Amino acid sequence: MTEEKQTWHVEECDDDYPGQRFQHLQEELLCEFQSPFQSIKVYKHKMFGTVLALDGCVQATTYDEFLYQEMLTYLPLCSVKDPKKVLVVGGGDGGIVRELLKDDRVEEITLVEIDEKVMQVCKEHLPFMGKYLENEKVSVIVGDAKEFVKSCTNKFDVVILDVTDYAISSDEENQLLGKEFYSQLKEIMNDNGVVSYQAFSPYQNNDLLKTEIENMRAGAGLICYGSVPVPSFPNGMIGILFGRITKEKGKVYDPLDTPLYRISSEEAKKMGLRCYYDKYHVSSCTLPLEFSSWFEKMCTI
């Protein structure tokens, strides 16, 4: 009796994860094609459910997407007292928008996504995220975030950068989240606003994490780092890098490792949150001793 041939989704990038590869047993392929910007693939997995992969990298799954979506959203959101206007760069799956809509303080959401195909695929195959892009509070712009930031005349209280790992590159000219981008981003953000970005996890690739920190410091005066477990991602954990915009010299700004706006566990449940609440905000920013010392050094060099 011969075994049925198995198909594995393989995530392998020696630059990001030296000498490592990560595999999911693919039960059913729902779609796979090349858009003008990246490869897009959606498949079924026994544990993780429906899986979205862009350029071969797992981006979201039914099972655990809420973990990073909530933390990438609420670490910055609860570090601002009155976040009325929010800009989302990337986030075409709709997950970040879904989380923002749970907070009544948010009045306007602008989402800039370069790849319209991602939004179409997620509305069809991952509607638990994609359908929220249709909400009346949301303005969707299909285009290049670099160009949007250069020409934007609005001011935002929070900016969430929900982009792929390839936004950070050794090629300074072609990377999205370079120092120039953060410098321009600062100009369209209100003083004391907060920007967040999904970063590498501790000890995963500190060289690239160092680059991420250096780039964000071009726009943000205070930077903090939180972490959250995400089982479907390589190494099972990701980091959240978030920074406060400081425009006034000599002004004392609020720290980031303690929320300014507190959401208790009971309030979080009523909002439909499954991960974030005020105590986890603090604990996620409590780092291992050695890594904490390294991070502090990177933020003061």
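The values are calculated or read from the model by the stated rules, or taken from the named source; none is laboratory data. Remember, predicted model here, so these are calculated numbers, not experimental data. Counting neighbours? That spans all protein chains shown, and the Cβs are built from the backbone with ideal geometry, glycine included. Accessible surface is based on the protein model in full, side chains and every heavy atom, while ligands, DNA and RNA are left aside. Shrake-Rupley method; radii C 1.70, N 1.55, O 1.52, S 1.80 Å.
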query = Across segment 103-120, what is the total count of residues that are surrounded by fewer than 22 Cβ atoms within 10 Å (Cβ to Cβ) and assigned to a helix (DSSP H, G or I)?
reply = 4
remark   = Selection from segment 66-102 of residues in contact with a strand residue (DSSP E or B) (Cβ under 9 Å, 6 or more places away or on another chain), of a type in the set (A, V, I, L, M, F, W, C) and in a helix (DSSP H, G or I) yields LEU67, MET71, LEU72, LEU75, LEU77, ILE96, VAL97, LEU100
note = Counting only residues in segment 127-155 that are in contact with a helix residue (DSSP H, G or I) (Cβ under 9 Å, 6 or more places away or on another chain) and assigned to a strand (DSSP E or B), the one least open to solvent (accessible area, probe 1.4 Å) is identified as VAL138
ask   = Do we find a residue being within 26 Å of LEU260 (Cβ to Cβ) and among the β-branched types (Val, Ile, Thr) anywhere in segment 68-76?
value = yes
ask   = Do any helices (runs of 4 or more DSSP H) entirely within segment 201-292 hold 2 or more residues that are open to solvent by less than 70 Å² (accessible area, probe 1.4 Å) and modelled with pLDDT under 95, and if so, which?
value = 206-216
ask   = under 24 Å from CYS275 (Cβ atoms), among the aromatic types (Phe, Trp, Tyr) and not in a strand (DSSP E or B) - does that describe any residue in segment 41-56?
value = yes
request  = Being more than 18 Å from MET237 (Cα to Cα) and open to solvent by 80 Å² or more (accessible area, probe 1.4 Å) is the filter here, so list the residues in segment 20-47 that pass it.
outcome  = GLU27, GLU28, LEU29, GLU32, GLN34, PRO36, PHE37, LYS46
ask   = Going by the structure shown, is LYS123 touching a residue at least 12 places away in the same chain (Cβ under 8 Å), assigned to a helix (DSSP H, G or I) and touching a Ser or Thr at 6+ places or on another chain (Cβ under 6 Å)?
value = no
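Suppose the filter is crowded, with 18+ Cβ neighbours inside 10 Å and more than 14 Å from the chain's Cα centre (by Cα); does THR50 pass it?
yes
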task = Looking for whichever is under 17 Å from the mean Cα position of the chain (by Cα) and surrounded by fewer than 18 Cβ atoms within 10 Å (Cβ to Cβ) here; the options are ASP55, ASP14, ASP64. Which one fits?
result = ASP55
request  = Test LEU30 against the criterion of being assigned to a strand (DSSP E or B) and under 17 Å from MET119 (Cβ atoms), and give yes or no.
outcome  = yes
